[in-house]
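Have a look at the structure below, then the notes.
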Amino acid sequence: MLSRTADHLFWMSRYTERAENTARMLNVAYETSMLPQSAAVAEESLLGLLSISELIPAYTQRHGGVTREGVLEFMVRDGSNPSSILACLRAARENARAVRGALTTEVWETQNQTWLELHRQIDSGAFERDPGQFFEWVKYRSHLSRGVTLGTMLQDEAFHFLRLGTFLERADNTARLLDVKFHAVNADFHGSARERGPQEFDFYHWSAILRSVSAFEVYRKVYRDVITPERVADLLILRRDMPRSLHASLHEVAENLAVVANDQSCETQRKAGRLLADLQYGRIDEILATGLHAYLTQFLDRVNELGAGISRDFLVPVYQ
């Protein structure tokens, strides 16, 4: 496959996944902002959302003070923000259009229809009337895109580059989400202190993390107990059977990378395999003993290095 074609497929799926992840986080932030809470806690939650994508400086330059309305505007339809839903879906559609011949009709029409419908949603005022419903629509279109890809695409190199982009982006997002949310509780989380009294946002804070990755019901099914930060970390880092966990995401990355491997990719495969092995044989108590922030920072560095390796070995060496 031409590296330019692989590049467009890889980034098409990454941007689609990024739009979904942004919608997930915004939906939870919007719902929790309406709960009884102090102004300081509400602002901390919004700052955390911007911090996940490293967008605090860009936001303050354009909007000044942090408000719910300002953050929603910036993260949904500000085309100058590369992580906004509008910018992500536009980039996904442009990448799909560039490789129209490598996609099935159904995959292309799904991407194109999502972009056209997004404008109708925004222009009609649907986003302002019911932000929650709008975010559900973005998630639905991402689910539809993945389902159509699985159901209609030949499982050749094009298919595997689409999957690579999806799961590398998912691993990055889940790690950032965990790092920011746990950092809001403690500078570096080493486990719950038994003597620590209840905090204002304990239940809502941890349940918001779970809901943002569709894991609230999964948590109840797996642990059948109250929500604790240690178990949240265990579920979203080490559980192979949790679809949006770091372990599940890296498993997919390693598998798809092995299928498209070439003579240049041995080192990238080795790094992916080693990162997967660390997750496969890791224990949450060992991770927490060294500090969750330190662990996730190192994980993000390794994922970024993995992405750079994939770009070097397979894709067009152009920044996106």
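The values are calculated or read from the model by the stated rules, or taken from the named source; none is laboratory data. Note that the structure is predicted; figures quoted are calculated from it, not measured. With ideal geometry, Cβ positions are generated from the backbone for all residues, glycine too; neighbour counts draw on all protein chains shown. The area values use the complete protein model at the heavy-atom level, side chains included, leaving out ligands, DNA and RNA. Shrake-Rupley method; radii C 1.70, N 1.55, O 1.52, S 1.80 Å.
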- Item | Count of segment 26-42 residues which are loosely packed, with under 15 Cβ neighbours inside 10 Å and free of Cβ contacts under 8 Å to residues at least 40 places away in the same chain | 4
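Quick grid of which residues meet (1) open to solvent by 60 Å² or more (accessible area, probe 1.4 Å); (2) under 15 Å from Leu164 (Cα atoms):
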{"site": "Gln264", "(1), (2)": "yes, no"}
{"site": "Gly282", "(1), (2)": "no, no"}
{"site": "Asp285", "(1), (2)": "yes, no"}
{"site": "Gln298", "(1), (2)": "yes, no"}
{"site": "Asn304", "(1), (2)": "yes, yes"}
{"site": "Ser311", "(1), (2)": "no, yes"}
- Message: Condition first: without any contact (Cβ under 8 Å) to a residue 60 or more places away in the chain and either open to solvent by 80 Å² or more (accessible area, probe 1.4 Å) or in contact with a Phe, Trp or Tyr (Cβ under 7 Å, 6 or more places away or on another chain) (or both). Now tell me which residues in segment 123-133 satisfy that.
- Response: Asp123, Ala126, Phe127, Glu128, Arg129, Gln133
- Item | Scan of segment 207-241 for residues that are open to solvent by 40 Å² or more (accessible area, probe 1.4 Å), farther than 19 Å from Asp278 by Cβ and outside any helix (DSSP H, G or I), ordered by number | Ser214, Arg224, Asp225, Val226
- Task: Could you tell me whether segment 5-18 includes any residue that is farther than 25 Å from Tyr140 by Cα and modelled with pLDDT under 75?
- Result: no
- Message: Let me confirm something: among Gly48, Gly64, Gly70, which residue is of a type outside the set (A, V, I, L, M, F, W, C), open to solvent by less than 30 Å² (accessible area, probe 1.4 Å) and modelled with pLDDT under 85?
- Response: Gly48
- Task: Go through segment 252-262 and give me each residue that's open to solvent by 40 Å² or more (accessible area, probe 1.4 Å) and free of Cβ contacts under 8 Å to residues at least 60 places away in the same chain.
- Result: Glu255, Ala258, Ala261, Asn262
- Answer residue from segment 266-280, given it is aliphatic (A, V, I, L, M) and crowded, with 18+ Cβ neighbours inside 10 Å and is nearest to Ile237 (Cα to Cα) among those: Leu279
- Residues of segment 1-25 satisfying the condition of being aliphatic (A, V, I, L, M) and buried (at least 23 other Cβ atoms within 10 Å of the Cβ): Ala6, Leu9, Met12, Ala19, Ala23, Met25
- Can you give me the number of residues within segment 144-168 that are charged (D, E, K, R) and under 14 Å from Ala96 (Cβ atoms)? 1
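Determine which member of the set Leu162, Leu144 is outside the structural domain of Asp234 (by the TED database), surrounded by 14 or more Cβ atoms within 10 Å (Cβ to Cβ) and among the hydrophobic types (A, V, I, L, M, F, W, C).
Within the list Leu162, Leu144, the selection yields Leu144.
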- Message: Going by what's in this entry, would Glu94 be described as open to solvent by 60 Å² or more (accessible area, probe 1.4 Å), free of Cβ contacts under 8 Å to residues at least 40 places away in the same chain and more than 17 Å from Trp137 (Cα to Cα)?
- Response: yes
- Is it the case that Asn81 is in contact with a Phe, Trp or Tyr (Cβ under 7 Å, 6 or more places away or on another chain) and not hydrophobic (A, V, I, L, M, F, W, C)? yes
- Note on the structure: Apart from one, (1) modelled with pLDDT of 95 or more; (2) among the polar types (S, T, N, Q); (3) more than 15 Å from Phe167 (Cα to Cα) all hold for Ser207; the odd one out is (1)
